[in-house]
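Have a look at the structure below, then the notes.
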């Protein structure tokens with residue numbers, strides 16, 4: 001399994017001379033991984049993604065995506081990317097949903113029959129066939145995110161980057177989005193990196209989690225390992241998932257049980273403990 005992306009300790013200086021840094025633990029993502037970057041608002045999550053997307057060029061440190069610096073060689077690797085921005089209105093600019101979804105492959109010079117095949121495939125998979133002729137501006141927030149996701153995934157990119165994709169979604173739409181992302185990973189082998197401040201997303205999705213605060217990556221690892229640092233998470237206003245809190249409480253009371261990312265398995269273990277004579 002090869003490394004897709006890596007960020008060391010980087011610094012960027014904006015035109016107004018504001019300096020931002022992403023430091024702490026090294027950020028590394030392997031091929032096929034599903035990675036969540038957690039942190040409160042203002043922790044540097046979006047800045048990290050902007051370095052991965054080549055939108056920011058570091059004055060110090062190193063960024064590598066597909067083996068190159070994306071700020072210098074983005075055109076060489078652009079077809080490997082799919083991106084959904086936090087404010088999807090910024091990327092939905094075409095006259096219709098169909099035009100928006102097909103913009104990428106058309107811009108890459110794909111033949112028309114391949115464009116149509118790819119677009120119809122992703123539209124059916126995401127379930128937005130009824131939106132094909134609609135004007136993106138008039139869609140609901142959840143519909144806009146699905147259209148943006150279709151445009152990001154239409155050409156089956158190797159890497160999908162999403163900035164706060166669950167923000168503003170109702171519980172059902174959030175669940176649907178999670179299922180789609182897991183499906184893309186399973187079917188296409190897509191490596192997925194997303195940011196969120198909603199820690200409850202992690203158990204149903206992530207292979208690896210990173211926790212950021214004030215530009216520093218302070219924790220990394222499998223979710224079950226990150227969630228054992230409950231006090232540290234609470235200190236930066238991140239409440240661990242309820243099941244992780246329950247497992248921690250059981251351990252404190254002498255009950256031996258391991259936290260697992262598989263919620264069904266964990267629930268089965270808890271029920272077995274309750275029923276144990």
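A single entry from 187, 236, 217 fulfils the requirement of being buried (at least 18 other Cβ atoms within 10 Å of the Cβ), at pLDDT 85 or above and either within 23 Å of residue 1 (Cα to Cα) or in contact with a strand residue (DSSP E or B) (Cβ under 7 Å, 6 or more places away or on another chain) (or both): 217. Has the range 81-101 got at least one residue that is in contact (Cβ under 8 Å) with a residue 60 or more places away in the chain and out of contact with any strand residue (DSSP E or B) (no Cβ under 6 Å at 6 or more places or on another chain)? Yes, because at least one residue in the range 81-101 is in contact (Cβ under 8 Å) with a residue 60 or more places away in the chain and out of contact with any strand residue (DSSP E or B) (no Cβ under 6 Å at 6 or more places or on another chain). Please verify whether residue 227 is buried (at least 22 other Cβ atoms within 10 Å of the Cβ), in contact (Cβ under 8 Å) with a residue 12 or more places away in the chain and over 24 Å from residue 81 (Cα atoms), treating the condition exactly as stated. Criteria met by residue 227.
Taking the options 255, 211, 247, name whichever one is buried (at least 17 other Cβ atoms within 10 Å of the Cβ), over 23 Å from residue 46 (Cβ atoms) and in contact (Cβ under 8 Å) with a residue 12 or more places away in the chain.
Numbers: 255 fails: buried (at least 17 other Cβ atoms within 10 Å of the Cβ); 211 fails: over 23 Å from residue 46 (Cβ atoms).
Result: 247 is the single residue among 255, 211, 247 that is buried (at least 17 other Cβ atoms within 10 Å of the Cβ), over 23 Å from residue 46 (Cβ atoms) and in contact (Cβ under 8 Å) with a residue 12 or more places away in the chain.
Quick check: anything in the range 167-183 touching a strand residue (DSSP E or B) at 6+ places or on another chain (Cβ under 9 Å), under 30 Å from residue 84 (Cα atoms) and either assigned to a loop (DSSP other than H, G, I, E, B) or not assigned by TED's automatic domain parsing to the domain that holds residue 12 (or both)? Within the range 167-183, one or more residues are touching a strand residue (DSSP E or B) at 6+ places or on another chain (Cβ under 9 Å), under 30 Å from residue 84 (Cα atoms) and either assigned to a loop (DSSP other than H, G, I, E, B) or not assigned by TED's automatic domain parsing to the domain that holds residue 12 (or both). Select from the range 149-166 the residues that are without any contact (Cβ under 8 Å) to a residue 60 or more places away in the chain, within 18 Å of residue 65 (Cα to Cα) and not in a loop (DSSP other than H, G, I, E, B) and list them in ascending order. If the condition is that a residue be without any contact (Cβ under 8 Å) to a residue 60 or more places away in the chain, within 18 Å of residue 65 (Cα to Cα) and not in a loop (DSSP other than H, G, I, E, B), then no residue fits.
Can you tell which of 78, 115 is in the same structural domain as residue 202 (by TED's automatic domain parsing), out of contact with any strand residue (DSSP E or B) (no Cβ under 9 Å at 6 or more places or on another chain) and free of Cβ contacts under 8 Å to residues at least 60 places away in the same chain? The conditions single out 78.
Name the residue that is surrounded by the fewest Cβ atoms within 10 Å (Cβ to Cβ), counting only residues in the range 54-71 that are closer than 17 Å to residue 23 by Cα and modelled with pLDDT of 95 or more. Here the residue is 64.
The values are calculated or read from the model by the stated rules, or taken from the named source; none is laboratory data. Owing to the predicted nature of the structure, the values given are computational and were not obtained by experimental measurement. Positions of Cβ are generated from backbone atoms using ideal geometry, with glycine treated the same way; all protein chains shown enter the neighbour counts.
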